[in-house]
Amino acid sequence: MKILVTGGAGFIGSAVIRHLIGKTRHHVINLDKLTYASNLESLGDAAADPRYSFAKLDIADGSGVASLLEQVQPDAIMHLAAESHVDRSIDGPSAFIETNIVGTYRLLESAYTYWKSMDGARRAAFRFHHISTDEVYGSLGEDGLFCEESPYRPNSPYSASKASSDHLVRAWHHTFGLPTITTNCSNNYGPCQFPEKLIPLTLIRALEGKNLPVYGKGENVRDWLYVEDHARALILALQQGIPGEVYNIGGDSTRRNIDVVHALCRLLDRLRPRSDGRAYAEQITFVTDRPGHDLRYAVDAGKIARELNFTPWETFDTGLQKTVRWYLDNPGWIARVLSGAYQTERLGSVSPAASH
């Protein structure tokens, strides 16, 4: 089976490719335009495997994508390419509209034309798997869980762009018959994550002796999903999911942001103590909350457990320890990632009206 993975040099995409190459017999074509958050180094040994190939391409390049599909003849598409950081969407929404909405539309157009050209058996087996986020559902109160039937109430430019792409995928299935599957996941963490996200940002700043910024009072709650567990779930959904269905993927690990930061600090105190003997938690600094910061996300992942027999292997504690050890063992990776424009500074404090 040949699988085209868009955004395969990103955090989740690279985990999916590592799993596909390392644990299955599938062939993988990685389509990525190599933005700031892309890192081919994250593919590890998978990049040297003869079943892997790479195409530097933008999903919004309709003719380029159409040519690639004709050339490589994939049996499935796993669509992970996206602008994904909420804070960046506040500073500059345009890139999120162009990639997440227009790009997904162009990809759907190309995929639909390609799918219609296939013979009967291959057409019936083809799948377009769209990978999305629980943020499309908006913010929960103190109780409850997001399920697949939860209404869409996106509150940031990022989540609004992903909600739009979800609706486009649904429309291409119901109107045109394209066999699509959509998955909406909770917060991912693990090795190779770009350091603008909470866990790697906190780790790296802690090791550099910098302050550890926590928005507001740190009361915002997220469900945390180890990226390797997510990769397994995505491949299960691709292989066993029913066209037209949506599956929520969660880690059953809800935590307040402040509790996540304290857990990281305790791990670092044990695994890499400060030279002055003081606790890393002393570096925590509360900063002004970002605009429109959703209070709580929590995912009901019962459907994928019942229908596809998926449950996470990692608890938050085991996954976090693996994550911290990976960052401690890979200082060269961190140094190369931080050699570009991003230096762990705060993003997302500019109002949308001031961005262009």
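The values are calculated or read from the model by the stated rules, or taken from the named source; none is laboratory data. Fair warning: this is a prediction, and the values are worked out from it, not measured in the lab. In this analysis, Cβ positions are derived from the backbone assuming ideal geometry, glycine residues included, and neighbour counts consider all displayed protein chains.
Structural remarks
- Of all the numbered requirements in (1) over 18 Å from Arg170 (Cβ atoms); (2) modelled with pLDDT of 95 or more; (3) outside any helix (DSSP H, G or I), Ala82 misses one, and that requirement is (1).
- Test: residue in the range 53-63 that is modelled with pLDDT of 95 or more, crowded, with 19+ Cβ neighbours inside 10 Å and part of a helix (DSSP H, G or I): no
- All positions within the range 278-304 that are closer than 25 Å to Trp326 by Cβ and either without any contact (Cβ under 8 Å) to a residue 12 or more places away in the chain or under 25 Å from the mean Cα position of the chain (by Cα) (or both): Arg278, Glu282, Tyr297, Val299, Ala301
- Figure legend. Inter-residue proximity from the range 202-230: first residues in contact (Cβ under 8 Å) with a residue 12 or more places away in the chain, second residues in a helix (DSSP H, G or I) and charged (D, E, K, R), beta-carbon distance below 6 Å, spacing 6+ or different chains. Indicated pairs: Leu212/Arg205.
- Residue pairs whose Cβ atoms lie under 8 Å apart, sitting 6 or more positions apart in sequence or on different chains, and linking a residue in the range 135-161 that is more than 15 Å from Asp87 (Cβ to Cβ) and in a loop (DSSP other than H, G, I, E, B) to a partner that is of a type in the set (A, V, I, L, M) and modelled with pLDDT under 95, are Ser139/Leu295; Gly141/Leu295.
- Among the residues of the range 305-325, those that are outside any loop (DSSP other than H, G, I, E, B) and either in contact with a helix residue (DSSP H, G or I) (Cβ under 9 Å, 6 or more places away or on another chain) or acidic (Asp, Glu) (or both) comprise Glu307, Leu308, Phe316, Asp317, Gly319, Leu320, Gln321, Lys322, Thr323, Val324, Arg325.
- Residues being of a type in the set (A, V, I, L, M) and over 30 Å from Asp223 (Cα atoms) - total across the range 104-138: 5
- Flag for Glu98 being surrounded by fewer than 22 Cβ atoms within 10 Å (Cβ to Cβ) and at pLDDT 95 or above: yes
- Among the candidates Asp134, Asp119, Asp143, residue that is closer than 12 Å to Ala298 by Cβ, over 24 Å from the mean Cα position of the chain (by Cα) and either surrounded by 20 or more Cβ atoms within 10 Å (Cβ to Cβ) or of a type outside the set (A, V, I, L, M, F, W, C) (or both): Asp143
- Here His262 meets each of (1) assigned to a helix (DSSP H, G or I); (2) touching a residue at least 60 places away in the same chain (Cβ under 8 Å); (3) of a type outside the set (Ser, Thr, Tyr) with one exception, condition (2).
- Residue match in the range 144-163 (condition: aliphatic (A, V, I, L, M), in contact with a helix residue (DSSP H, G or I) (Cβ under 8 Å, 6 or more places away or on another chain) and over 21 Å from Ile90 (Cα atoms)): no
- Apart from one condition, Leu108 fits all of (1) touching a strand residue (DSSP E or B) at 6+ places or on another chain (Cβ under 8 Å); (2) at pLDDT below 95; the exception is (2).
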